[in-house]
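Down below is the structure, laid out as structure tokens.
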Amino acid sequence: MSDGSTGGDDRDASPPPTAVLRDLLPASVATTDAGRVAAVLLAGVAAAVAVLVAGQLFPFHSLNHDEGVYLQQAELLLSGRLFLRPPVADAFRPWFFVESERGLYSKYAPVPAAVFALGKLLGGYTVALAGIAAGLVAGTVALGREVFDWRVGTLAGVLLLATPLFVVHAGVFLPYALTAALNVAFAVWYLRGERRASRRDATLAGAAVGLAFFARPYTAVLFALPFVLHAVATLGLSGAWRTPVATLGVGGAGGDGGRGDTVDDDARALFGRRLITATLGSAGVAAALGYNAVVTGDPLVFPYLAFAPEDGVGFGERAILGHEVNYTLDLALEANALVLRTLFTDWVVAGTVGTGVAACGVALALAGRTTAGEDGATARLRRGLLAATFATVAAGNVAFWGNYNVLGALDEPTDGLIYYLGPYYHYDLIVPTAVFAAVALVAGGDVLAARTRALAASERVDRRAVGAVAVAVLVVASGAGAAVSAGAVTETTDRNEAVTAELRAGYGPLADGGAPDDAVVFLPTPYGPWLNHPFQTLRNDPGYDGDTVYALGDTRELAVSEAFPDRALYRYVYAGSWVPVDDSTVRGTLREVDRVAGERVVVDVTLDRPDTAAGTTVRVTTDEGSAYLVATDDAGPLTLRVVADGERVTVTGEGVEPSGPDTDANVALDDVDEVAVEVYVATGPSSGYSHQIVFPVERTSDGDVRALSPTVETCPVPTRCVPQGVGDTPSDRGVTVTVSNATRDA
């Protein structure tokens, strides 16, 4: 194999490709621009992959609801804001946004969101994904070319395109691919700057690492650490650190020669490069701290720590939103071993086979031969810096408890986000894996070429037969590798396609223009009081003035109604469990919601009961208490009237009486309250079903009552309720609800 030179512009003059393929390739491929041409072509393929994956595999986004966070933050930036200021507190809080006196802000740094926003300006958010994917592949090609040669770089780009973790994340709005692209750019420009002694490259390296730090500080530090240690070591060993002293004349150029205070031009240039890179890298740190000061009020408190103070790097008690764990070193080592095993068996190119090939590539790179005029020690050091990222990224992640969380249950390989989106905290490692796998494959190709030339030179062997055999070997090997890679990619995409199918069913009433214009839609909260969790695609404009406004259901609905008096109101309801990985789909619909106001609000309920009904009980509940009633007629239709005035709610009905002689059929109302009426119909000694009728009420300043029409559900069992309008409720168990009053205010 031919290793890249480290000392001059002739480094791209690599030996020609294998002889058996030379005649099959365009002549330009063997020129010094071949690597650049390959980078452009492969970047175009990567961009197409990103567009395809985003549009086809993740049209409703992935299981990682951080996507909605970054896109909401991007929309904020596009509007020139850092804070959301909802018109009604509590009813509009998006997932992973932090509450503060100045408004709501994202727990994440703004760099990924800014890149996504730039894509929106250029034509759509997916444009950003295409650009990130293209940049990462082009950077991988450049890195392979810089450290080895154009053949390694080109093949590394191809292998990255066949990497499952790359393919899946090419189409999601998460920060890992972007940070990897910045880290790779830093590595390329740092190494190129060393080879060329170029201040321009040093400048670009500093800008890239500074931006990477601003995007994801810990990730950037782990990847850059080998290069930073190299920068510090060379600064010290070369004596370049004395440059400021010598420049100021301290010690003098002609001082004690034994002290070596004189700094030559090379050392001065080295110091200059280090200063530029460090200054721009530090600018990224300063930008991150400055952003912290603006949003959290403290430069040392990152937004994610303001959201969950125990969510940082390190060991001990770790917690976020009620999820807590004692993250011991033993647990960290166990979790990270599982993550790394999953990475190198399922999520790098060709899985276990690719990992083995990459390991061979590392060995060849660190012990490989060098070409004439090449400084072998320097070449091996440069390769070693790239190889060292395996160690720093893997070791550093042990201290991050996110690698425990991404696994789900440690003893269940199909649990957790890692099963669908891979070990994304180790995303950076797919690049050196692809590069070193390419090293081994190119070395194998060179060996095959050498053997082929030797056989072809022999007069006792048919040269055409030798060429045919060589081509056949390459074709078979390439086909086998492609099959393994395609199988790994297909397996991961199939998992996510099943998730998307369930999401498509759930979003059905709201997808493809289904959401009504000039309306407010109240959304259910299966995962807690958050918007965009799980409904990532249903995001509000920062000014809450979009065609459709989304608010949390059962959370200050009357206040939301008052804040948007001219908009129609709807509730999105669904039947089933919103768990897109359980192989069952939900059925949803939109239900129009009426505003009601007057001296009294009257809810009339008619319930059908089967002939098997053995008894019926009614419970009405408010924040102030509960009342219980019993229906004396066991079968046939049951009618109830629920009346809410300014003081209390009363339930009456034919054949319905309080449950005891000392009980009432009414219960007090708070100023702002929620009325819940539960009707349980027993169909046997231990069987039955219930109806739930729930609506918000509020006493106005003039003593009247405001309310919204109820949510109505039928529950075959207490933990499984079917909203009205969704599902197949038996005809003899139906419920009809009407709302009226003396004065209706639309």
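Points worth noting:
- In segment 104-137, residue surrounded by the most Cβ atoms within 10 Å (Cβ to Cβ) [restricted to those that are closer than 13 Å to THR179 by Cβ and β-branched (Val, Ile, Thr)]: ILE132
- Counted residues, segment 651-699 - those being under 23 Å from ASP611 (Cβ atoms) and loosely packed, with under 14 Cβ neighbours inside 10 Å: 6
- Condition met for GLY252 (small (Gly, Ala, Ser), modelled with pLDDT of 95 or more and more than 30 Å from GLU99 (Cβ to Cβ)): no
- Extreme residue, surrounded by the fewest Cβ atoms within 10 Å (Cβ to Cβ), among residues of segment 40-85 that are more than 17 Å from THR126 (Cα to Cα) and touching a strand residue (DSSP E or B) at 6+ places or on another chain (Cβ under 7 Å): ARG85
- Under the condition of being small (Gly, Ala, Ser), more than 24 Å from the chain's Cα centre (by Cα) and assigned to a strand (DSSP E or B), the residues counted in segment 294-348 number 1.
- Matching residues in segment 210-230 - criterion: being surrounded by fewer than 20 Cβ atoms within 10 Å (Cβ to Cβ) and closer than 13 Å to PHE302 by Cβ: PRO217, TYR218
- Qualifying residue in segment 497-517 (condition: among the β-branched types (Val, Ile, Thr) and assigned to a helix (DSSP H, G or I)): yes
- Filtered residue count, segment 647-670, keeping only those that are polar (S, T, N, Q) and assigned to a strand (DSSP E or B): 3
- The number of residues in segment 189-212 being under 26 Å from the mean Cα position of the chain (by Cα) and of a type in the set (Val, Ile, Thr) comes to 1.
- In segment 286-301 there is no residue matching the filter, namely being at pLDDT 95 or above and closer than 15 Å to ALA399 by Cα.
- Candidates ASP554, ASP611, ASP582 - the one that is acidic (Asp, Glu), surrounded by fewer than 18 Cβ atoms within 10 Å (Cβ to Cβ) and over 34 Å from the mean Cα position of the chain (by Cα): ASP611
- So THR389, is it among the polar types (S, T, N, Q) and surrounded by fewer than 20 Cβ atoms within 10 Å (Cβ to Cβ): no
The values are calculated or read from the model by the stated rules, or taken from the named source; none is laboratory data. A quick note: this is a predicted structure, and the numbers were derived from the prediction, not measured. Virtual Cβ from ideal backbone geometry, glycine too; neighbours counted across all protein chains shown.
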